[in-house]
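The structure under discussion appears below in the form of structure tokens.
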Amino acid sequence: METDGTPAWVAFDRTHLWHPYTSMQAPGPVYPVVAASGVHLELSDGRKLIDGMSSWWSALHGYRHPRLDRAVAGQLEKMAHVMFGGLTHEPAVRLGQSLIHLSPPPLQRVFLCDSGSVAVEVAIKMALQYFHAIGQPERRRLVSLRGAYHGDTTGCMAVCDPVNGMHNLFADYLPQHLFAERPACPFHVPFDRDALAPLARLVEEHHHTVAAVIVEPIVQGTGGMNFYHPEYLVGVRALCDEFGLLLIHDEIATGFGRTGRMFATEHAGISPDIMCVGKALTGGYMTLAATLCTEAIAEGISAGPGGGALMHGPTFMGNPLACAVANENLALLADGSWRKRVADMQGQLEAELAPLRAKPGIADVRALGAIGVVERETPVDLARAHARCGELGVWLRPFGKLVYTMPPYVATTDEVSKITQAMAALAEL
Ligand SMILES: *Cc1c(COP(=O)(O)O)cnc(C)c1O
């Protein structure tokens with residue numbers, strides 16, 4: 001221990017470990033976490049912070065949940081991992097069954113992936129391989145939305161917002177896709193059909209060379225926490241049907257109840273042809289994701305040239321520990337009690353954040369499901385926000401102008417109030 005309670009190993013972190021989206025010269029402050037349970041992160045100096053981020057949308061039931069812990073420990077006694085090429089196991093099969101059961105009915109085929117970005121890569125490959133297999137190889141491009149975020153690997157970067165995304169550094173290296181304007185039709189405002197016009201124009205003009213439209217349904221997350229209207233998705237589905245394009249829904253952030261429905265897609269009452277899930281799939285315990293598609297797509301690819309193999313196969317595909325904890329996470333959600341909890345949380349976030357609307361420097365306040373957002377007119381100073389979090393006892397990680405939360409569903413009313421108070425403090429920094 002150093003004298004201020006910081007463990008000695010933190011110094012090595014500062015000089016040798018990269019953190020997400022940071023420079024090694026100015027890596028920004030970090031809190032050393034030594035344990036976590038329930039909604040609390042325990043720091044090395046003994047402080048406890050309420051986790052307002054669910055570790056980036058994932059820890060739905062909090063940390064060290066007894067049933068999730070047991071699921072991992074129980075699986076560990078059988079096997080931690082086996083390859084999925086030529087072998088299979090019950091945790092993976094049960095997970096496939098559950099995902100098909102929960103998803104919109106046409107989604108019947110499951111590819112297990114190791115992270116959200118990989119799930120999106122697989123979705124893109126599925127779409128391109130499908131059109132190749134059915135004799136329309138000229139359909140090689142995707143249509144995406146400005147403000148989109150779909151992950152950090154190369155294929156994903158290419159469908160992230162091309163200007164404001166984190167990835168414009170790589171623009172000349174990436175495949176060139178087509179982008180429609182960000183949906184300008186807020187979730188809670190009556191739908192204006194004109195919002196669909198930019199996408200419709202793009203699809204009408206370029207559909208011969210387009211394989212799929214990819215969207216984050218209802219919530220554009222990392223690209224700006226934009227909550228858009230379900231009718232927009234209905235319109236996207238209709239355009240895809242009219243012009244023979246596939247529709248990919250990236251539910252990696254929104255899946256498993258976060259917007260008040262099991263999948264955000266359900267707000268619109270439609271189904272995509274391909275769907276990606278990740279983040280909360282294991283309740284925040286382990287990295288795991290999945291890409292689901294329709295039988296028609298799977299059959300199309302499989303009847304294609306070269307033996308019809310879908311060309312992807314990660315080393316840790318279908319990891320049994322991750323599948324076991326995902327199964328228990330889905331079992332915890334199965335009683336449906338999250339629906340009331342998330343609805344209540346939306347009401348509380350709305351009510352407690354609403355007074356900020358009138359404050360100077362605040363551009364917007366919004367809540368949907370268990371997501372609360374305060375948008376400032378100017379960017380948040382991340383280092384000051386970080387220090388304030390430690391003082392306030394609440395963990396938040398603002399980005400750009402956004403101070404936001406997606407609490408674990410198990411957070412109590414009091415804990416959510418502490419989170420909204422901390423958001424108010426950061427919004428006024
Ligand atoms: C986080 C996220 C991804 C990427 O997932 P990783 O597990 O970080 O690779 C993709 N799409 C959306 C919508 C996300 O929120």
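Values quoted throughout were computed directly from the atomic coordinates according to the rules given, and no laboratory measurement underlies them. Keep in mind that this is a model prediction, so the values were computed, not measured. As a convention, Cβ positions derive from the backbone with ideal geometry for all residues, glycine included, and neighbour counts pool all protein chains shown.
Side notes on the structure shown:
- Working from label points 7 Å from Cα in the Cα-to-Cβ sense, the Ala351 to Ala363 distance is 2.9 nm.
- Dipole magnitude for segment 70-334: about 400 debye, using +1 per Lys or Arg Cβ and -1 per Asp or Glu Cβ, origin at the Cα centre.
- For segment 319-347, the residues whose amide N sits under 19 Å from a probe point set 7 Å from the Cα of His101 along the beta carbon direction are 322-339.
- Where labels lie 7 Å past Cα in the beta-carbon direction, separation of Arg384 and Glu295 in nm: 5.9
- The fraction of all Cα pairs in segment 70-334 landing in successive 10 Å bins from 0 to the largest distance is 7, 31, 36, 20, 5, 0, given as whole percents.
- Set of segment 120-139 residues, backbone N closer than 12 Å to the point 7 Å along the Cα-Cβ line of His208: 138-139
- Straight-distance crosslink candidates among lysines, where the alpha carbon sits under 20 Å from Lys401 and sequence neighbours closer than 8 are dropped: Lys359
- Comparing Leu199, Leu41, Leu310 in a Gaussian network model of the chain, where Cα atoms under 10 Å apart are tied by springs, the biggest mean-square fluctuation is seen for Leu310.
- The chain - mean residue ellipticity at 222 nm from DSSP helices (-39,500 (n - 2.57) per run, n ≥ 4, rounded to 500): -10500 deg cm²/dmol
- Note on the chain: GNM, Cα springs under 10 Å; of Thr282, Thr265, Thr412, the largest mean-square fluctuation is that of Thr412.
- Neighbour counting of Cβ atoms within 10 Å sorts the residues Glu216, Glu377, fewest neighbours leading, into Glu377, Glu216.
- Cβ-derived FRET efficiency at R0 35 Å, His81 paired with Ser23, nearest 0.05: 0.55
- Under a Gaussian network description of the chain, with springs only between Cα atoms under 10 Å, the residue in Asp114, Asp45, Asp344 that fluctuates furthest is Asp45.
- The modelled label-to-label distance for the pair Ala309/Ala334, using points 7 Å beyond Cα in the direction of Cβ, is 3.5 nm.
- By the count of neighbouring beta-carbon atoms within 10 Å, fewest first, Met317, Met311, Met406, Met262 end up ordered Met311, Met317, Met262, Met406.
- When each of Lys125, Lys359 is scored by the number of other beta-carbon atoms lying within 10 Å, the sequence from fewest to most is Lys359, Lys125.
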